[in-house]
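The values are calculated or read from the model by the stated rules, or taken from the named source; none is laboratory data. This is a predicted model, so every value here is computed, not measured. Backbone-built Cβ (ideal geometry, glycine too); neighbour counts: all protein chains shown. For accessibility, only protein heavy atoms count, side chains too; no ligands or nucleic acids. Shrake-Rupley method; radii C 1.70, N 1.55, O 1.52, S 1.80 Å.
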Amino acid sequence: MSKGNQWSSRLGFILASAGAAIGLGAIWKFPYVTGTSGGGAFFALFILFTIFIGLPLLLAEFIIGRHTGKEAISAYKAIAPKSAWVWIGRLGVLSCVVLLSFYSVVGGWVILYTIMSVTGMLSGKAYGPLFNAVISQPYVVLGAQALFLLITVFVISKGVQKGIERANKYMMPLLFICFIIIVVRSLTLDGAMDGVKFFLKPDFSAITGSSVLYALGQSFFSLCVGLSCMVTYSSYLGKKVSLTRSAGTIAILNLFVSLLAGLAIFPAVFSFGLKPTEGPGLLFVVLPTVFEKMPFGTVFLALFLILFLFATLTSAFSLLEIIVAALTKDDQTKRTRYASLSGILVFVVGIPSALSFGVLKHVSLFGRSIFDVADFFVSNLMLPLGSLAIAIFVTFKMKKEAVYEEFISGSTKGAKLFNAWFFLVKYVLPIIIIAVLLSLLVAY
């Protein structure tokens, strides 16, 4: 691994990995999935799945990536040459293409709302009908999606340190600060406590089999595990950095941002008499409504949308990076070319998702829109399957001594923690994931 294609510091790695994990997963998707899946009970399940399933799997990906120093496909090939295990990486890259294809559609929505906010076009609008009108215009959403991918391609073409790491060091801290301001305002609205109760007071009678499945899928989605994305990111990491502390920090940051997202959205939803089951457009309807009631609200809304765009981009960086890294195989002379070609591929794949709220809104598969099918395919099928394969690979195919060496490197933690983690990943997690996948088959 060339020095210029490594993280310059542990902080850079954590911010980039947190940016990959947080992004749309915690800020956009978490609130609306929580709203449609049981509120506080769903959040409780999400926390449990993140700590006991997502975090151990995140650490497993870190171990594979840093041990080999190679991107997703080559990492599996290096540990298990001439075997089918390489398909974990290949399917991860394929899933990243699909995920980024509909993710970039939402990124385009964020760009459109940012432009409308800065130019004053959002002021005094009926935000629900406005959102539906915006996402139904084919040339507008395709143009915004293309612009979002163009920005992503530009940053990825600059490499790890000069592109991904530099962008995340500025974007992530600013996002946290602005988010906290919004939470404070949302909590001071009339009727806000009803939203807090909905979000934080579990009602397990509201939980269904689908809620459990979505909670597991959200824990994978929000930590970006199961795609081997973190295999690629950790391959750029030095040996002196503690993987356990880094993984723990990223998981805590992810849960914290998810908490902030819920406290920013649900108090406002209940205060303004909106429905928490709004769906993918929840954030785009609620936030403008909240800011409209604030002093200097238009300024704060524009600032938040800009920072929200930053967070969206940090996740997109990680998804495009795994695709580009798999193609370049650390040959940096090919980075710009493959970044551009990958961006074009993702855009083409994403066209049906972008149009699924407009000219293709009457087209459905399995009772879902094209956008929802792509989301369901990645979040509820490929992420659990990829995570299951990674858990089996790291505990059965890698030498236990090598896994242990990576686990304790840069850390003062001893064998007891490793043995607990190893047992969890080897025996417990596969059983849980298989059980959830079987429940999916029964349900559908």
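Before moving on, here are some points about what is shown:
- 10 Å binning of all Cα-Cα separations within the range 89-143, expressed as whole percents from 0 upward: 21, 43, 21, 12, 3
- Estimated Rh, the chain: Kirkwood, alpha-carbon pairs, angstrom: 21.8
- Computed from the C-beta positions of Leu174 and Lys82, the FRET efficiency with R₀ = 35 Å rounds to 0.15.
- Label-point gap, in nm, between Val359 and Tyr427 - each point 7 angstrom along Cα→Cβ: 5.7
- Built amide H within the under 5 Å cut-off of Ser364, gap 5+: none
- The range 257-328: radius of gyration over Cα atoms, expressed as a fraction of 2.2 N^0.38 Å: 1.40
- Most fluctuating residue given options Leu365, Leu259, Leu429, as computed from a GNM of the chain linking Cα atoms under 10 Å: Leu365
- The phi torsions of the range 61-66, fed into the Karplus equation with coefficients 6.51, -1.76 and 1.60 and a -60° offset, translate into couplings of 5, 4, 5, 4, x, 6 Hz, rounded to whole numbers, with Gly and Pro shown as x.
- Remark: the chain carries a charge dipole of roughly 1160 debye about the Cα centre, counting +1 on each Lys and Arg Cβ and -1 on each Asp and Glu Cβ.
- GNM top mover of Pro81, Pro267, Pro276 - the chain, alpha-carbon springs below 10 Å: Pro81
- Volume per residue that the Cα convex hull of the range 198-250 spans, once the total is divided by residue count, Å³: 100
- Separation of the Ile252 and Thr188 label points, Cα + 7 Å toward Cβ, nm: 2.9
- Cβ-Cβ distance of Ile181 and Val118, R₀ of 25 Å, FRET efficiency by 1/(1 + (r/R0)^6): the value works out to about 0.85.
- Farthest towards the positive end of the charge dipole of the chain, among the residues Thr232, Phe49, Leu112, is the Cα of Thr232, using unit charges on the Cβ of Lys, Arg, Asp and Glu.
- Whole-angstrom Cα spans of the range 12-142 along principal axes, big to small: 59, 38, 29
- 0 to 90° range, to nearest 10: angle between helix 40-49 axis and the chain longest Cα axis: 20
- For the range 237-280, the percent of C-alpha pairs falling in each 10 Å distance bin, counted from 0 to the bin holding the largest distance, reads 23, 31, 21, 16, 9, 1.
- Ile434 versus Glu401: modelled label distance in nm, points set 7 Å from Cα along the beta carbon direction: 3.0
- Within the range 336-444, trypsin sites (Lys or Arg not before Pro) in DSSP loop having at most 11 other beta-carbon neighbours inside 10 Å: Lys399
- The stretch between Val348 and Asp331 holds 3.6 nm of extra length on full extension. This uses 0.36 nm per residue minus the Cα-Cα distance.
- Divide the volume of the convex hull around the Cα atoms of the range 307-444 by the residue count and you get 178 Å³ per residue.
- With all protein chains in place and a 1.4 Å probe, the accessible surface of the chain carries 69 percent carbon and sulfur.
- Just checking the listed ones, Glu321, Glu406, Glu71: in the Gaussian network model of the chain with Cα springs under 10 Å, the one fluctuating most is Glu406.
- Whole-number accessible area per residue in Å² for the range 347-444, which is evaluated in the context of all protein chains at 1.4 Å: 52
- For the range 300-381, radius of gyration divided by Kirkwood radius, i.e. Rg to Rh on alpha-carbons: 1.07
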